[in-house]
Amino acid sequence: MIVYYYWLFILSLVLMLLALLYRPCLYLGWAILLVDFIFSLIQQLKIRNVLLKDSDDPDMQNFKGAVLGEGSWRENVIKVVDEKINKGTTEEASDVGITSIQVLSDQMTPELFLDLYTSVGWEPPCIEQVAIAIENSCAKFVAFDGEKPVGMMRLLGDGGMSFYIKDFVVIPEFQNKGIGKILLSSAEAYIKKHIEKDWAVSLELISTKEAVIFYEKNGFEIRPCEWDGPGMFKMIR
């Protein structure tokens, strides 16, 4: 709506300039300017009418005070919005409940792996398999809250075209607190460090049903899609 008023104002000025050559344009320009003023006045009255209505919403009350109070209403509104943003950031941080998470790439042992692996109810492989898997991983990350291991991830890949995330785990009591995103960021940082700057490589995984939204939020695409079929796997015994 503001853009509409702006162009009405510009049009009226153009017509007034043309009036130097053709007098009827002067009258038309003044008419458009008057219409612009009337529409703007009506819009402001509508906004004020909404603000004057009673509301128990504290955010609405703050906004009313900013617009109808003393001083520059624009500065007041900006102040209210800034306070709301800062409040939201503080609330989100307090909801996480974690002060510091450290991700280490040299702390994964078969025993630690199995503890984290079974914490989410997965049936574990034998410890000999785990030892070989860890040894042959491109990278392995363990997230610690203090001295407590709370999550892990293994990264597989050929180093040139494709990387694959395996055994991505966050223990139940620490889920939904940002640890998964930290581990994922660690894997992406590792990949970027070990490829050429102008390369594009794929990062792939098989998601649990519960984690699909998490991966989508972090840039992953669901298969099947327009250009690719579903992911598949086969267990060999």
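Annotations
- Scanning the stretch 151-166 for residues that are closer than 19 Å to V130 by Cα and either out of contact with any Leu (no Cβ under 8 Å at 6 or more places or on another chain) or in contact (Cβ under 8 Å) with a residue 60 or more places away in the chain (or both) returns R154, L155, L156, G157.
- Flag if D167 is of a type in the set (D, E) and closer than 29 Å to V201 by Cβ: yes
- Any hit, the stretch 204-213, residues being aliphatic (A, V, I, L, M), part of a loop (DSSP other than H, G, I, E, B) and in the same structural domain as R154 (by TED's automatic domain parsing): yes
- Of the residues making up the stretch 187-202, those that are under 19 Å from the mean Cα position of the chain (by Cα) and either without any contact (Cβ under 8 Å) to a residue 12 or more places away in the chain or surrounded by fewer than 19 Cβ atoms within 10 Å (Cβ to Cβ) (or both) are E188, A189.
The values are calculated or read from the model by the stated rules, or taken from the named source; none is laboratory data. Bear in mind that the values here come from a model prediction, so they are computed numbers and not experimental data. Every residue, glycine as well, gets a Cβ built from its backbone with ideal geometry; the counts of neighbours run over all protein chains shown.
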